[in-house]
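Okay, structure first, notes after.
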Amino acid sequence: MATILELGYNYVPPLMGFEHKTKMLSEVPVAAALLGPVVGFGAARAVTSHYAIMVSNISSLFVAGPPVVAALGEQVTKEELGGAHIHGANGSVDEAVESEEEVFGKISRFLSFLPSNAWELRGEIIFHILRPFRTSLAKSRQTNLTSLRPKTRHRGWCIKWRRRT
């Protein structure tokens, strides 16, 4: 807040140790469980994770909380400022669920699809590749992870996965 008042703008200061976080992202799966208010550098860590999930009506995510916004002249609650209904829709987090139990279940499921690190191959995973702008899911095809290669780098792909049973 002091920076905004003094300079008229804000910036992200150097984050001590954040280079370790970014290096870790290329080597191990990282999931973030937002189980309450997550503010400042914690928010930066959450949104840069591979998978972030928050609990409706419990979690909130913002750079600066309601007291800072109030100092600028607007009264908001944590939920209004950065609740799950906002960040679940805007993409800051991957999912918003109703309970903490669901959070741990979803993280466990997410991690079950991934190897423990970048040097380990994952077993049999079937990918359903849905070509963009197709209306029928029945036209999707299945392929093994090792043969997954888009035909063109200039088209987006919607990938949904499930573990082979």
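Every number in this text was worked out from the coordinates using simple rules, so none of it is lab data. All of these numbers come straight from a predicted model, not from anything done at the bench. Counting neighbours? That spans all protein chains shown, and the Cβs are built from the backbone with ideal geometry, glycine included.
Measuring from label point to label point, each 7 Å out along Cα→Cβ, what is the GLU102 to ASN10 span in nm?
Computed distance between label sites GLU102 and ASN10 equals 2.9 nm.
How long is the gain from ARG45 to ALA89 if the chain were fully straight, where each residue apart is worth 0.36 nm and the alpha carbon distance is subtracted?
14.0 nm
Could you tell me which of rounded, prolate or oblate describes segment 2-112, using a ≥ b ≥ c as the square roots of the eigenvalues of the alpha-carbon gyration tensor, with rounded for a/c under 1.5 and, failing that, prolate when a/b is larger than b/c and oblate otherwise?
Cα axes put segment 2-112 in the oblate bin.
Between VAL30 and PHE18, with labels modelled 7 Å along Cα→Cβ, what's the label distance in nm to one decimal, could you check?
1.1 nm
Restricting the calculation to Cα positions, tell me the Rg (one decimal) and the Dmax (whole number) of segment 66-126 in Å.
17.8, 55
From the Cα gyration tensor of segment 21-62, with a ≥ b ≥ c the square roots of its eigenvalues, which class applies: rounded if a/c is under 1.5, or else prolate if a/b is larger than b/c, or else oblate?
Oblate, because a/c is 1.5 or more while a/b does not exceed b/c.
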